[in-house]
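None of the figures in this text is laboratory data; all of them are computed from the coordinates on show. Not measured: the values here are computed from a predicted model. Because the Cβ atoms are built from the backbone with ideal geometry, glycine has one as well, and the counts that use them run over all protein chains shown.
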Amino acid sequence: MTQRQSISIFISTLTFSLLLLTLGTTPAAAQSKLFRLEKDSIPFFRGFAVSVDLVGPAMMMLSDHGEYEGALRINLHDQWFPIVELGLGRANHENDEVTGLTYKTSAPYFRVGMDWNIIKKKHGPNRLYAGFRYAFTSYKVDIIRDNLPDPVWISKTQFGVQDMGCSMHWLEAVFGIDAKIFGPLHLGWSVRYKRRLVHNDGEVGNTWYVPGFGINDKDNLAANFNVIIDI
């Protein structure tokens, strides 16, 4: 055995001995600690949370459309969050600047989906999540045009439809954060990208507003501010 081999064996033995002293255990127990994966003791079902959005009611107060919305979210292992969102969307948009039309609607909508907690310490009090939603609404709309010139009678008349049946299916990509305030109370922000899938705008063309989706277009951006109670 050469001197270099003797030094190598000595260093290896010394390193292993120091490791055993650090762990304070026998070689067999040390090997078990080194290679055993710690089992997560957190239960799979962690309860659920209810929440309400404050942005929609604020829009209702400050503009001519908005939503009242609440949600129920299940907590699975602080990582997966199946969610159901229910809301009521309303609009009373009078004398549109471009068309002169008035749009009125009030109808419920729902969304179902999943959020994933993507923060590293998933069992902590705060959450950073990404998710998706499938959403649907069936609604009726009144579209009215006052003071429409009548070329025959040379007068002003009214044109419109009432209770015109419409519907829309859409998807949403969601990114948000929940922050614990105290006890079960959380506050959360989220941003959403909405993409229209299938829609029925009735027989007179695009409606101005769709409950839960917003101003009617192929896609939309929206934000929510939620008050959340963990249960």
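Under the rule a/c < 1.5 gives rounded, and otherwise a/b versus b/c splits prolate from oblate, where does segment 80-144 land using the Cα gyration tensor? Numbers along the way, then the final one.
Working: a/c = 4.45, a/b = 2.85, b/c = 1.56.
Prolate is the answer for segment 80-144, as a/c is 1.5 or above and a/b outweighs b/c.
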- Message: Over the Cα atoms of segment 72-231, each weighted equally, I'd like the Debye log10 I(q)/I(0) at q = 0.11, 0.14 Å⁻¹, rounded to two decimals.
- Response: -0.55, -0.77
- Here FRET efficiency (C-beta to C-beta, Lys122 to Asn200, R₀ 45 Å, nearest 0.05) is 0.65
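Once R0 is set to 30 Å, what does the formula 1/(1 + (r/R0)^6) return for the Cβ-Cβ distance between Tyr134 and Glu97, expressed as a FRET efficiency to the nearest 0.05?
On the way: r = 33 Å, r/R0 = 1.12.
E between Tyr134 and Glu97, to the nearest 0.05, is 0.35.
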- How many nm separate the modelled label positions at Phe175 and Lys218, each set 7 Å beyond the Cα in the direction of the Cβ? 2.2
